[in-house]
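Asks: Before I ask anything, here is the structure I am working with.
The values are calculated or read from the model by the stated rules, or taken from the named source; none is laboratory data. As the structure is a computational prediction, the values presented were derived from the model and not from experiment. Neighbour counts run over all protein chains shown; Cβ positions are idealised from the backbone, glycine included.
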Amino acid sequence: MPTNKTAKKGATKVAAKPAAVKTADKQPKKSTASLSKELSGEQLVVENLSTLSSLVGTLSETLDVLVQKVENMAYHLIATEEVLAEVVSSTGLDLARVNARIRAKISNGTEKQGDPTRSIDIAAAIASPIAKFKQ
């Protein structure tokens, strides 16, 4: 019985939190509406342009972070490919088995809808002893 009472208390607390969030969301809308009545048309335009400018700046910063993450992923992929190519060249590889495993994994993961061609080509490029980049 004490377990049920604690569960009910926890449920009550969880229910109380979303209600507080909804109230907080409604308050800024009312203050914005009252501000728009007090400001002239030109002031609203200036305020909106300022807000948009701030949002564009935030979006720009976010895009910069995402580009840095993608670059980091690319560096990791290139390094991994080169390490794998070195391992393959020294240990050997049954490319037919690799291709079969790629086909099976893509088939199972996409309910036989995916095309494994690109993955097979990438595996062949990694396993190839020929230099990938001409300098």
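Asks: Quick one: in the range 76-109, which of the residues that are surrounded by 10 or more Cβ atoms within 10 Å (Cβ to Cβ) and of a type in the set (Ser, Thr, Tyr) is farthest from Ala123 (Cα to Cα)?
Replies: So, considering only residues that are surrounded by 10 or more Cβ atoms within 10 Å (Cβ to Cβ) and of a type in the set (Ser, Thr, Tyr), the one farthest from Ala123 (Cα to Cα) is Ser107.
Asks: Go through the residues of the range 82-105 one by one and say whether even a single one is at pLDDT below 90, under 24 Å from the mean Cα position of the chain (by Cα) and assigned to a helix (DSSP H, G or I).
Replies: no
Asks: Could I ask something else about it? In the range 88-104, which residues are of a type in the set (S, T, N, Q) and touching a helix residue (DSSP H, G or I) at 6+ places or on another chain (Cβ under 8 Å)?
Replies: If the condition is that a residue be of a type in the set (S, T, N, Q) and touching a helix residue (DSSP H, G or I) at 6+ places or on another chain (Cβ under 8 Å), then Asn99 is the only one that fits.
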